[in-house]
Amino acid sequence: MAINYFLRCTKMSTLTINPAMPPTTITVKSRHVAIVGAGAAGLVAARELRRDGHSVVVFERGNEVGGTWVYTPHVEPDPLGLDPKRPIVHSSLYSSLRTNLPREDFAREFGVEEMVRFETEVVKVRISESGKWNVQSKKTTCFSNENEYKSKVEFDDEIYDAVVVCNGHYTEPRIAEIPGINSWPGKQMHSHNYRSPEPFRDQVVILIGSSSSAVDICREVAAVAKEVHVASRSVADETYTKQPGYDNLWLHSMIDNALDDGTVVFRNGKLVLADVIMHCTGYKYHFPFLDTEGIVTVDDNRLGPLYKHVFPPVLAPYVSFIGIPWKIVPFPVFEFQSKWVAGVLSGRITLPSQKEMMEDINSFYSMLEASGIPKRYTHCIGESQFEYNNWLAAQCGCEGVEKWRKPMYSAASVNRRLRPETYRDEWEDHDLVLEAYEDFVKHTSASNL
């Protein structure tokens, strides 16, 4: 669903420097910056901001860094995640998940943990009378008193020059709309609350979705369930296919409706009497703590208006978002975005005017609409992530994406489709892996000099 927007619409903030002109002296500013979240995005943002001379505080409501990558067996009491008052479990990891992303301890290597306030939740961010940003936080401390566990809650109210939002977008479930579902008697849940297959033993399970979590979970559940039926919007209505290597796993077109006798009707005409419907249907952007007086909104999962998925023009550069794009290799995107934000806040990099940024955003929205791309796919950049990263690198004056990354991404995507169960262990792009390894050796050798 992504389009190559960044190849065609990048002129507005690209600076042209005349070498004949005398150099301009830039006064580098140091800002007091609050970062919301100590997941991967928040950690690299903290590193880059501190490298640029800013004073940084990272707020993390959990007791360790990692965000969504911190596994917990706990799930939410509302299996669909619709109750706004439910106790939130941040992570969506299931027990068997294996990532093909780096997992080394970045925070310890770069001394980021010393900037993090653990067990401290941001409850409100809003502009203050001085024009700076008021950050209200809540710290929860658990302790034992006479064999009884208690907790103490302390509230704090502080002023910051800028706020960088890095709270992730894999916690607030997005649920499929199914006609008749309110009368359907079975159990519904979202994959956010899935941890292991055992609760589905001998049951008939329907999974909605065709992305990574659905691909993993349907196969794992099929090992114990009576039947597993996967409903996908991305296939033709007549689709009904038994999956290779399984006697109890079928791919269907999307659900048409659900009946009060427990039957689920698919668009292909098939009827399944199901025990469970699991929504593997993604997540919504959610910023309950952020009060921008309506300047920044979420509409059909479009967070905006955002210039290049990072800066809301009216509030730039003092409010920014890291990690909003999806269908990406996340860590490089986080790093380039963070370098850009750090440079803009210090005054080394100049943003276009508010008017120019809004014109760029509106042009982007018009292009999406003309291409027939739904609003909810605004931040899905897919293949254009490499051009996007290179554009960010150009703004920062740093090297862009290594030449091996894009073909490796493409090869991994093909391999995942062909070998969904073994792509993490078997691949054929050994030449690219070797090239990447040689690149890393050069980089680490240079950094150790």
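The heavy atoms of K406 present about 80 square angstrom of accessible area, all protein chains included, probe 1.4 Å. Over the chain, what is the relative contact order in whole percent, taking alpha-carbon pairs under 8 Å and six or more residues apart? Reported relative contact order: 18 percent. Under the classification rounded if a/c is under 1.5, otherwise prolate if a/b is larger than b/c and oblate if not, where does the range 342-427 fall, given a ≥ b ≥ c as square roots of the Cα gyration tensor eigenvalues? The shape class here is oblate. In the range 126-180, the portion of solvent-accessible area held by carbon and sulfur atoms comes to 45 percent [1.4 Å probe, whole percent, DNA, RNA and ligands not counted]. The modelled label-to-label distance for the pair K139/E426, using points 7 Å beyond Cα in the direction of Cβ, is 5.3 nm.
What net charge is computed for the residues neighbouring G180, neighbours being all others with C-beta under 10 Å from the C-beta of G180, Lys and Arg scored +1, Asp and Glu -1?
Net charge in that neighbourhood comes out at -2.
With contributions of -39500 (n - 2.57) from each DSSP H run of at least four residues, the per-residue ellipticity at 222 nm computed over the chain stands at -7500 deg cm²/dmol. The range 122-199 and the range 265-335 have Cα centres separated by 15 Å.
Need one word for the chain: rounded, prolate or oblate. Basis is the Cα gyration tensor (sqrt eigenvalues a ≥ b ≥ c); a/c below 1.5 gives rounded, then a/b vs b/c decides. Prolate, because a/c is 1.5 or more and a/b exceeds b/c. Please state the shape class of the range 389-449: rounded when a/c is under 1.5, otherwise prolate if a/b exceeds b/c and oblate if not, all from the C-alpha gyration tensor. It comes out oblate by the Cα gyration axes. Local charge for L303 was computed over the other residues whose Cβ lies under 13 Å away, with Lys and Arg +1 and Asp and Glu -1, and equals +2. Scoring 70-81, 252-263, 279-290 by mean Cβ neighbours within 10 Å over their residues and listing the highest first yields 279-290, 252-263, 70-81. Here's the list of lysines a cross-link from K85 could span, going by alpha-carbon distance under 23 Å and ignoring same-chain residues fewer than 8 apart: K124, K138, K139, K150, K152, K187, K284.
Per residue, the accessible area of the range 368-424 comes to 50 Å², computed with a 1.4 Å probe over protein heavy atoms only. Solvent-accessible area per residue in the range 195-349 equals 38 Å², computed with a 1.4 angstrom probe and all protein chains kept. If the chain linking K85 and K442 were pulled fully straight, counting 0.36 nm for each residue of separation and taking away their Cα-Cα distance, it would gain 123.5 nm.
Quick check: net charge around Y285, other residues with Cβ under 15 Å of its Cβ, Lys/Arg +1 and Asp/Glu -1? Combined, the nearby Lys, Arg, Asp and Glu give +3. Only helices reaching 15 angstrom along their own axis (Cα) with mean Kyte-Doolittle hydropathy no lower than 0.5 count here, and for the DSSP H runs of the chain these are 212-222, 330-346. Ignoring lysines fewer than eight residues from K406 along the same chain, the ones with Cα atoms less than 18 angstrom from its Cα are K327.
The values are calculated or read from the model by the stated rules, or taken from the named source; none is laboratory data. Owing to the predicted nature of the structure, the values given are computational and were not obtained by experimental measurement. No Cβ is skipped: glycine too gets one built from the backbone with ideal geometry, and neighbour counts run over all protein chains shown. Accessible surface is based on the protein model in full, side chains and every heavy atom, while ligands, DNA and RNA are left aside. Shrake-Rupley method; radii C 1.70, N 1.55, O 1.52, S 1.80 Å.
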